[in-house]
Amino acid sequence: MKRRDALKTLMIASGGVITLPAWAHAWKADEMLRMNTAFTDYEISIISSIVDTILPSNGEIGGLSVGVDKFLVGLISHCYEKEFRGNIRANLHELDSAAKETVGKSFPNCEQETQEELLLAMSTGDDEDDEDFFNFMKRQTIRGFETSEEVMVNYHGWVLMPGFYDGNVDMETN
């Protein structure tokens with residue numbers, strides 16, 4: 001009797017695997033990011049602006065070009081507790097409010113220099129939460145950049161498996 005149950009389960013699972021490509025063929029990474037995140041699209045744009053401010057593109061490579069913003073969204077959404085995510089979201093909105101009060105624009109729409117000034121003001125202010133937010137975002141942005149595939153392979157010369165295996169080597173015998 002248990003064999004029949006096992007065969008039934010196997011057939012149902014096989015059917016699921018066969019039909020998966022039919023309804024998942026149009027999935028895109030950006031859509032998956034939005035589905036699995038604790039952030040709104042606007043909050044993600046603020047995070048992207050922070051990444052671009054901390055690690056701007058030098059014409060070839062930058063924080064956004066290697067996907068550090070997506071790394072941060074995934075990291076905070078999936079690796080930190082709800083209370084911490086709430087604090088990050090509150091700090092993002094606080095940063096955006098400060099930009100609107102200072103220059104009348106939202107943080108993502110501010111000039112690079114203004115974004116830098118606003119972030120530095122958070123890092124040197126009296127509020128410990130703001131300083132912690134700035135330090136966290138800076139550390140994790142640099143971590144995401146340094147551990148990205150493009151930086152690890154092209155800059156640091158990292159190889160997944162050092163050395164190579166050749167199973168067909170001629171040997172001299174005595």
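Derivation of every value follows stated rules applied to the coordinates shown; laboratory data play no part. If you're wondering where the values come from, they're calculated on a predicted model, not measured in any experiment. Positions of Cβ are generated from backbone atoms using ideal geometry, with glycine treated the same way; all protein chains shown enter the neighbour counts.
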Amide H to amide H, which residues 5 or more places from G63 or on other chains are under 5 Å from it, using H placed in the peptide plane? L55, S57
Suppose every K and R has +1 on its Cβ and every D and E has -1 on its Cβ; what is the size of the dipole of segment 27-154 about the Cα centre, in Debye to the nearest 20? 540 debye
Normalise the Cα radius of gyration of segment 27-154 by 2.2 N^0.38 Å (N = residues in it) and let me know the number. 1.03
Could you give each residue of segment 92-99 its phi-based ³J(HN,Hα) in whole Hz, using Karplus coefficients 6.51, -1.76, 1.60 with θ = phi - 60°, and x for Gly or Pro? 4, 5, 5, 4, 5, 5, 4, 5
Which loop chymotrypsin sites (Phe, Trp or Tyr not before Pro) in segment 108-174, with loop taken from DSSP, have no more than 13 other Cβ atoms within 10 angstrom of their Cβ? W158, F164, Y165
Please report the spacing between the Cα centers of segment 138-154 and segment 44-75 in Å, no decimals. 10 Å
Could you list the GluC sites (Glu not before Pro) in segment 67-125 that lie in coil according to DSSP, counting only those with at most 12 other Cβ atoms within 10 Å of their Cβ? E81, E111
